[in-house]
Amino acid sequence: MTKRDYYEILGVSKDSNKEEIKKAYKKLAKQYHPDISKDESSEEKFKEVSEAYAVLSDDEKKQQYDQFGHAGFDQRFSQEDIFRNFDFTDIFGEVFGNSAEGSIFDMFFGGSQRRQKRGSNLSYELEISLEEAAFGTEKKINIQRSETCPKCDGTGAKDNSLINCTECNGSGQVRATRRSPFGVFTQVTTCRDCSGSGKVVETPCPECNHGFIRKDRELSVKIPAGVDNGNQIRVSSEGNSDKGGSGDLYISIFVKQDKRFERDEDDLVTTIPISFAKASFGSEIEVPTLEKDVKLKIPAGTQSHTIFRLRNQGITRLHNYGRGDLLVKVIVDVPKKLTKKQKKLLEDFAKESGEKIKAKRGFF
C-alpha cells in the first residue's frame, strides 16, 4: 500500500514552520484519538498523523524526507527509528491534560518490552585508502560498548533476585482515570519504577551497572565500493545495549589523499608532464591507474593542458553499476636549461615560424 505524503496528512505546506506543523497535529490528534473519536478507523488515522508529526517536527528526519521522499526515507528509518527518543509528553499535556506517550507506543509497537529504553548509538571514524574506497574492502575495527552482564543476565540483580514492583503490583502498568470536557478517560501507562517489567532488583549485582558492563569488541565491517568522505555506514545493533535492545554503530568514512590522483565524484584526475617534442610529434606515454599502468597515445600537435579521458578507470559508482573515468591532463614541460645546440635549433625553428627571437645568455 502506498503511503500518503506527510504534508498532505497534516494538511500543511512544505514551507510551514514548526509551530504551524504542531498546531495542525494538535487539531488532528484531538480529532482522531481513539479515546475520543467514535470512528472505527480512528486508531489508524491517529497513528498516521502521529507518524507524520514525528517526522516533520524533527529537523534531520524532515530534511531526509524532503530529499528522498517515502521511498528513500523508509530505507533509512524504520518506524521504530521515527519514534525513538521522541517525547509526546508536552504536546499531549497541552491537548489532553496529561501524557499519552504510553498509548502512542502501545499502538505502534504493542507491549511494554518495546517501550523500554533502547541502547544509545555509537560512532566510529575509519580512514581508508583511495583504492579501498574505489573497490570496497573489509576492515577489522575495535570498539568499546556496553553489553549484557553475564553474571546476572542483564537483570542487574545478584543471583537474579527480582521481586514484584510495589508501584504496579507486578503488572508493569499503572492505570489512571481522569475527567475532561470530553468525558471520563482511563489511561494505562508503563510503570516508571520497573519500566514495564513488573519486577525490581532486590540485591544489586556486584559485577555490573544495572545489568550491563563495558567490553571491548572486534568487528569485521564491509566497506562498499564507491564510498567517499563523509559517507556513513550503519551497522545495526552494534551500539550500546540496554533493556530495550542495542543501539546502532555509525561508521564515518575518511578517504586518504592520493599523490597520483584527485577525485571528482566518481572520476579521477591525474596530471602527466610531457616534453615539447612528444607534444609536437606525437608519442605514447604510460599513465597510472588504480590497478596498473596503461599506454596512452598522444597525437601530434597536442597542446598543454589537453585532457584525455580513459573510460571506466575511475571510482566504482556507489550502489550502482559501472565506474567513473580517469581524466589525464598533459602539461607540456618547458626545459629550464638548454645546450648550445638545442638553443641553435630552437632559434632556427623560430625563424622558420616567422618569429624574431634571439636566445640571450642565461635566458633559459
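If R₀ is 51 angstrom, what is the calculated FRET efficiency for the pair ASP81 and LYS295, using the beta carbon separation as r and rounding to 0.05?
On the way: r = 51 Å, r/R0 = 1.00.
It comes out at approximately 0.50.
Working out 0.36 nm times the residue gap between GLN64 and ASP258, then minus their Cα-Cα distance, what length gain in nm do you get to one decimal?
Taking GLN64 through ASP258 to full extension adds about 66.7 nm, to one decimal.
Using the basic label-point model (7 angstrom from Cα toward the beta carbon), what is the ARG175 to LYS14 distance in nanometres?
For ARG175 paired with LYS14, the spin-label model returns 4.9 nm.
For region 262-333, give the magnitude of the charge dipole about the Cα centre (Cβ charges: +1 Lys/Arg, -1 Asp/Glu; no others), in debye to the nearest 20.
That gives a dipole near 220 debye.
Near GLY282, within a Cβ-to-Cβ distance under 14 Å, what is the net charge of the other residues, with Lys and Arg +1 and Asp and Glu -1? Don't skip to the end; give the middle numbers.
Details: positive: LYS278, LYS295, LYS297; negative: GLU284.
Here the count lands on +2.
Provide the gained length on full extension for the span ASN229 to LYS336, in nm with one decimal, where the gain is 0.36 nm per separating residue minus the Cα-Cα distance.
34.6 nm
All of the numbers you see were taken from the coordinates with simple rules; none came from a lab. As the structure is a computational prediction, the values presented were derived from the model and not from experiment. Counting neighbours? That spans all protein chains shown, and the Cβs are built from the backbone with ideal geometry, glycine included.
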